[in-house]
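K.L.:
Below: one structure in structure tokens.
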Ligand SMILES: [Zn+2]
């Protein structure tokens, strides 16, 4: 899951798609300790630091395997990685935030792109399934905000937990592997 090809691919995406200027050293690493700002364990987290001497932006995406259900689907894992790639992009261009948090910026600008990327990797995904995956990682921070409510409305979701219309209805099933594509190893 974590290898040099993936690193090269992501670095190319950042440099070619987003026209990132500085040299980027992007690393994927496993961690057993990453937590959210609230201290809760998280499945993935992207951190960055700028090395002014070598003019290199060091970006590290940590993956915490004990926070993935062993049966988690490929769709869920892909949605986590794509989400982290957007964080990596923002670290290369922090001025784009213009006062927003990273997640608020992602919600405003990249949910449609994440939905499209997921559907290109997994053509059988419905737009609502892909949107559930794209929004799943944002609810903890943004639930209740007007922008999040707008996104829910746009994709036909509600905040009615447990109902079929909940934005988490599909993402939680992909997370636990009751729907989606199983990893072959
Ligand atoms: Zn995030």
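K.L.:
Which members of region 118-164 meet the condition of being within 15 Å of the chain's Cα centre (by Cα), surrounded by fewer than 19 Cβ atoms within 10 Å (Cβ to Cβ) and away from the ligand (no atom under 15 Å from the Cβ)?
P.N.:
Selection gives 119, 121.
K.L.:
For region 1-23, state whether one or more residues are in contact with a strand residue (DSSP E or B) (Cβ under 9 Å, 6 or more places away or on another chain), modelled with pLDDT of 95 or more and assigned to a loop (DSSP other than H, G, I, E, B).
P.N.:
Scanning region 1-23, I find no residue that is in contact with a strand residue (DSSP E or B) (Cβ under 9 Å, 6 or more places away or on another chain), modelled with pLDDT of 95 or more and assigned to a loop (DSSP other than H, G, I, E, B), so the answer is no.
K.L.:
Something else: Taking region 67-109 only, how many residues are closer than 20 Å to residue 132 by Cβ and in contact with a strand residue (DSSP E or B) (Cβ under 7 Å, 6 or more places away or on another chain)?
P.N.:
Count: 4.
K.L.:
Of the residues that sit in region 97-117 and are over 23 Å from residue 173 (Cβ atoms) and away from the ligand (no atom under 15 Å from the Cβ), which one is surrounded by the fewest Cβ atoms within 10 Å (Cβ to Cβ)?
P.N.:
Filtering region 97-117 for residues that are over 23 Å from residue 173 (Cβ atoms) and away from the ligand (no atom under 15 Å from the Cβ), the one surrounded by the fewest Cβ atoms within 10 Å (Cβ to Cβ) comes out as 99.
K.L.:
Can you list the helices (runs of 4 or more DSSP H) lying wholly within region 114-165 that have 1 or more residues being touching a residue at least 60 places away in the same chain (Cβ under 8 Å)?
P.N.:
Numbers: elements: 127-136, 139-142, 146-154.
Here the list reads 139-142.
The values are calculated or read from the model by the stated rules, or taken from the named source; none is laboratory data. Since the structure is predicted, the reported quantities are computational estimates derived from the model, not experimental observations. Cβ sites come from the backbone with ideal geometry, for glycine too, and all protein chains shown count toward neighbours.
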